[in-house]
1. How many residues are within 12 Å of the ligand (Cβ to nearest atom) and either under 13 Å from the mean Cα position of the chain (by Cα) or part of a strand (DSSP E or B) (or both) when one looks only at the stretch 329-346?
2. For a quick check of your reading of the model, give me the residue pairs whose first member lies in the stretch 221-240 and is more than 26 Å from residue 329 (Cα to Cα), whose second is modelled with pLDDT under 95 and buried (at least 16 other Cβ atoms within 10 Å of the Cβ), with beta-carbon atoms closer than 6 Å and at least 6 apart or on different chains.
3. Please verify whether residue 170 is within 18 Å of residue 389 (Cβ to Cβ), surrounded by fewer than 20 Cβ atoms within 10 Å (Cβ to Cβ), small (Gly, Ala, Ser) and within 14 Å of the ligand (Cβ to nearest atom), treating the condition exactly as stated.
4. Checking the conditions here, which among 71, 79, 98 is within 16 Å of the ligand (Cβ to nearest atom), assigned by TED's automatic domain parsing to the domain that holds residue 141 and out of contact with any helix residue (DSSP H, G or I) (no Cβ under 9 Å at 6 or more places or on another chain)?
5. Identify, please: which residue in the stretch 113-151 is out of contact with any helix residue (DSSP H, G or I) (no Cβ under 9 Å at 6 or more places or on another chain) and assigned to a loop (DSSP other than H, G, I, E, B) and is, among those, farthest from the ligand (Cβ to nearest atom)?
6. Looking at (1) surrounded by 13 or more Cβ atoms within 10 Å (Cβ to Cβ); (2) aliphatic (A, V, I, L, M); (3) not assigned by TED's automatic domain parsing to the domain that holds residue 110, can you tell me which one residue 58 breaks?
7. Name the residue that is nearest to residue 61 (Cα to Cα), counting only residues in the stretch 173-202 that are away from the ligand (no atom under 13 Å from the Cβ), part of a loop (DSSP other than H, G, I, E, B) and touching a strand residue (DSSP E or B) at 6+ places or on another chain (Cβ under 8 Å).
Amino acid sequence: MSVVKEVMDRVRRMDPDQHEFQQAVIEVLETLEPVAQRHPEFVKAGIFERVVEPERAIQFRVPWVDDKGNVQVNRGFRVQFNNAIGPFKGGIRFHPSVNLNIIKFLGFEQIFKNALTTLPMGGGKGGSDFDPKGKSDGETMRFCQAFMRELFRHIGPETDVPAGDIGVGGREIGYLFGYYKKIRNEHTGVLTGKGLDYGGSLIRPEATGYGTVYFAAEMLKTKNLDFKNKLVAVSGSGNVAQFAIEKVNQMGGKVITVCDSNATVVDETGIDNDKCCFIQELKNTHRGRISEYADKYKTVCYEGKNVWDVIREQGIKVDIALPCATQNEVNGQNAQALVDNGCICVAEGANMPSTPEAIRIYQQNKLLYGPGKAANAGGVATSGLEMSQNSLKLSWTREEVDNRLLIIMKSIHKSCLDAAEAYGKPGDYVMGANIAGFTKVARAMLAFGVV
Ligand code: NDP
């Protein structure tokens, strides 16, 4: 049996209940068979076996007091997956669905994504099953402080540098950083996504959404296409979705959908910049529901359905799909509906938003398909730029950071295409992203011996 199959079996056997983690591992390993054949030195050094095991996985108790004076207890995680090419780096997610399986899948993806950025960052991820929805600012602050009360001993600017993810935006990063600074008595670049007044980088909030659209534009360019006058479906209405919409508008496309976990809005007239500002205000300041968009702009709203179900059920035509909400949001049926309705390009702002069946359908139908670890790497790349600015004690201008982001996204796109070509699958971005990310990490692991 090949080493790749052996390792996949081992993961299934060792972590039988960790479905998303298994899915992420299999999706990567399936494309690495030719790497194992071409690089027997990786096989001999046990790189495949080692890369699927986190360096360490920390689980901790997070006790805090709610506004009524009741003691609440949540579970906290930090999975430090791989630091072969730089300090552990990856976001923190606060969502009721968070468990060790979810954090391991995200941490595993992060290793290869970070390697693709060309910046020296290893892979990690963290989070908690805390649900920020419906919590007061005071409750969120006390929770973040309790979370950091344990996390601080595991992180540091040269060790592990967390950032935001679902449920962790500017407000939460402020509370987390403030508490770290207090108990460590140091002001260092230990987190990214910080506010501009205390060490953050311009363009970091925009970076994942902008980067996803830059990546999609690069894919379209290979077919002499662009965003102009294209109908675009975006899912989610959080950080990634908001700035993906902004960038699509700048590039002349028309976004017609958004959603949150309760409902999907379809706005055939297009979500222009004013409407996008409304979504930002609604979600980031008032923390309201997306159905309020439908009330304000008198559009249709489908309760209890995600964007991809609505597109399938209503037969809505879109040219480009940007899933920017959560994992496994696009299933096989939805992918088939996208194909049937004329979609030519899918670029993933979210992590692993397409099921394996959906990916097979994109590939069988020759869609331009940019997997999350390549298409959404702009966020962590700009976190890397924030780390550089913190080390240099300098702040770059908006134009400078945006330009570096664009250059990085173009370079990721090229690395994917080059690796896919070198391994005999031209145009296969899944294979290209996995091989380009993996080989960089594998070479570093090989250099270190068995550690
Ligand atoms: P946010 O919390 O800002 O937004 C998430 C959005 O997705 C919200 O609108 C949320 O709705 C919606 N959502 C969550 N779960 C579901 C669901 N089950 N069905 C429908 N909608 C859902 O998170 P981000 O925008 O930061 O993250 C979105 C995705 O992008 C995640 O996969 C994340 O891992 C990935 N990502 C984020 C990066 C970043 O820099 N922030 C970097 C790279 C990837 P509601 O408001 O109801 O919660």
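The values are calculated or read from the model by the stated rules, or taken from the named source; none is laboratory data. Being a predicted model, the structure only gives us computed values, none of them experimental. Note: ideal-geometry Cβ built from the backbone for every residue, glycine included; neighbour counts use all protein chains shown.
1. Here is the first cut: in the stretch 329-346, the residues within 12 Å of the ligand (Cβ to nearest atom) are 329-330.
From the residues that got through so far, the ones that are either under 13 Å from the mean Cα position of the chain (by Cα) or part of a strand (DSSP E or B) (or both) too are 330.
Counting residues in the stretch 329-346 that are within 12 Å of the ligand (Cβ to nearest atom) and either under 13 Å from the mean Cα position of the chain (by Cα) or part of a strand (DSSP E or B) (or both) gives 1.
2. If the second residue must be modelled with pLDDT under 95 and buried (at least 16 other Cβ atoms within 10 Å of the Cβ), no pairs are left.
3. Details: within 18 Å of residue 389 (Cβ to Cβ): yes; surrounded by fewer than 20 Cβ atoms within 10 Å (Cβ to Cβ): yes; small (Gly, Ala, Ser): yes; within 14 Å of the ligand (Cβ to nearest atom): yes.
Yes: the conditions hold for residue 170.
4. On the way: 71 fails: within 16 Å of the ligand (Cβ to nearest atom); 79 fails: out of contact with any helix residue (DSSP H, G or I) (no Cβ under 9 Å at 6 or more places or on another chain).
Checking each option against the conditions leaves just 98.
5. This residue is 136.
6. Looking at each condition in turn, residue 58 falls short on (3).
7. That would be 190.
Every residue, every condition in (1) crowded, with 19+ Cβ neighbours inside 10 Å; (2) in contact with a strand residue (DSSP E or B) (Cβ under 9 Å, 6 or more places away or on another chain); (3) more than 30 Å from residue 23 (Cβ to Cβ); (4) β-branched (Val, Ile, Thr), yes or no:
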{"residue": "254", "(1), (2), (3), (4)": "yes, yes, yes, no"}
{"residue": "263", "(1), (2), (3), (4)": "yes, yes, no, no"}
{"residue": "270", "(1), (2), (3), (4)": "no, yes, yes, no"}
{"residue": "274", "(1), (2), (3), (4)": "no, no, yes, no"}
{"residue": "277", "(1), (2), (3), (4)": "no, no, yes, no"}
{"residue": "293", "(1), (2), (3), (4)": "yes, yes, yes, no"}
{"residue": "298", "(1), (2), (3), (4)": "no, no, yes, no"}
